[in-house]
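Asks: Before anything else, here's the structure in question.
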Amino acid sequence: MNVNEAQAVVTGAARGLGRSFTLALLREGARVVAGDVNGAGLRSLKAEAGEQAGALTVATVDVANEAAVATFVDLAAKELPGLNVLLNNAGVLRDGVLALQEEGAVRKLPLLQWNKVLEVNLTGQFLLAREVAARMIERGTRGVIVNLSSLARAGNVGQSSYAASKAGLDACTRTWALELAANGIRVGGVAPGVIDTPILEGISGPALEALLHDIPLGRIGTPDEVWQAVRFILTCEFFTGRTVEVDGGASMG
């Protein structure tokens, strides 16, 4: 697939990597339906798109809500008659240690916090992939699904739910690739490491230095470098069922 042939759905598009992917697709001539829970962020994305705004439709969606996802994909299918790409990017991060002793008491990771991350990062990705894949199959369209994973899939202190969601998503990437190949639908994943996105704003200087210490290339990655991996998956017709790591050689654990 050439990028200018993409008719793409991008989730988590209001900020960070999703916003970067949306703008990159538009610059290369693709058509995009961008979704997020952040309506204000989507409106500013539309403004930032400038001359390419005509090829962009934005809509709010809670990816953890089955009915909302179905409505969103219905809209996308109307706006994109040749819907052939899903960038499954929406996600949340809610750090917390499984059990931790503090001031004589043991604080436990709340089930609500665990569930929220799994609902968005794994169930939400499943719902989007299911609905978009169904549309492609109904229309006989060859296409690509790209799941955004994370270096944390290997496990990281304080990230039980996040690591579990991303490891589960990697398993789905492989499974869906096997299931959908006969329909001409490829499925790949990208696992970024530490990338210069708004998520880093809450990290202290010492914590950031510790992160850099574990990156052999000695620097944070850029959203454009992650886009290059996404672009490779879109354009390489012989790629499916694998997850590409874009992490500067870093490791966790």
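Read-outs: derived from the displayed coordinates by stated rules, not from any lab. Keep in mind that this is a model prediction, so the values were computed, not measured. Cβ atoms come from the backbone with ideal geometry, glycine included; neighbour counts cover every protein chain shown.
Asks: Full extension from LEU200 to ASN115: what is 0.36 nm times the residue separation minus their Cα-Cα distance, to one decimal in nm?
Replies: 28.3 nm
Asks: Taking the inverse of the average 1/r across all pairs of different Cα atoms in region 141-253, what Kirkwood radius in Å do you get?
Replies: 14.9
Asks: If exposed GluC sites (Glu not before Pro) are those in a DSSP loop with at most 13 other Cβ within 10 Å, what is the longest stretch of the chain that has none?
Replies: Within the chain, the longest run free of exposed GluC sites (Glu not before Pro) spans 104-236.
Asks: In addition: Of LEU208, PHE239, PRO198, which is farthest towards the positive pole of region 185-244's charge dipole, taken about the Cα centre with +1 and -1 on the beta-carbons of Lys, Arg and Asp, Glu respectively?
Replies: Working it through, the farthest residue towards the positive pole turns out to be PHE239.
Asks: With each pseudo-label sitting 7 Å past Cα toward Cβ, what's the HIS213-ALA40 distance in nm, one decimal?
Replies: 3.7
Asks: Taking a temperature of 10 °C and a viscosity of 1.306 mPa s, what whole-number D in µm²/s does Stokes-Einstein yield for the chain with Rh from Kirkwood over alpha carbon pairs?
Replies: Answer, rounded: 86 µm²/s.
Asks: Region 88-196: D in µm²/s via Stokes-Einstein (Kirkwood Rh, Cα pairs, 20 °C, 1.002 mPa s)?
Replies: Translational D for this selection: 142 µm²/s.
Asks: Between beta-carbons, use under 13 Å as the cut-off and find the net charge around PRO216, counting Lys and Arg +1, Asp and Glu -1.
Replies: Neighbour charge sum, excluding PRO216 itself: -2.
Asks: At 7 Å along Cα-to-Cβ for each site, give me the label-to-label distance between LEU75 and GLU179 in nm.
Replies: My value for the distance between the label points is 2.6 nm.
Asks: Shifting gears a bit: For region 56-145, what relative contact order do you get, as a whole percent, if you take Cα pairs closer than 8 Å and at least 6 residues apart?
Replies: 40
Asks: Report the residue, chosen from ALA13, ALA76, ALA40, that carries the largest GNM mean-square fluctuation when the chain is represented by alpha-carbon nodes joined by springs under 10 Å.
Replies: Fluctuation is largest for ALA40.
Asks: Could you compute the net charge surrounding THR173? Neighbours are other residues with a C-beta less than 15 Å from the C-beta of THR173; K and R count +1, D and E count -1.
Replies: Result for the neighbourhood of THR173: +3.
Asks: Just to confirm my numbers, what's the Cα centroid distance between region 192-240 and region 54-130 in Å?
Replies: Spelled out, the Cα-based centre of one part sits 20 Å from the other.
Asks: Where both partners of a DSSP beta bridge lie in the chain, what percent of those bridges are antiparallel, to the nearest 5?
Replies: On the way: 4 of 33 bridges.
Antiparallel bridges make up about 10 percent of those DSSP assigns within the chain.
Asks: Also, I was wondering about something else. In nm, give the distance between the simple-model label positions of ASN2 and PHE232, each being 7 Å from the Cα along the Cα-to-Cβ direction.
Replies: Using points 7 Å along Cα→Cβ, the separation is 2.3 nm.
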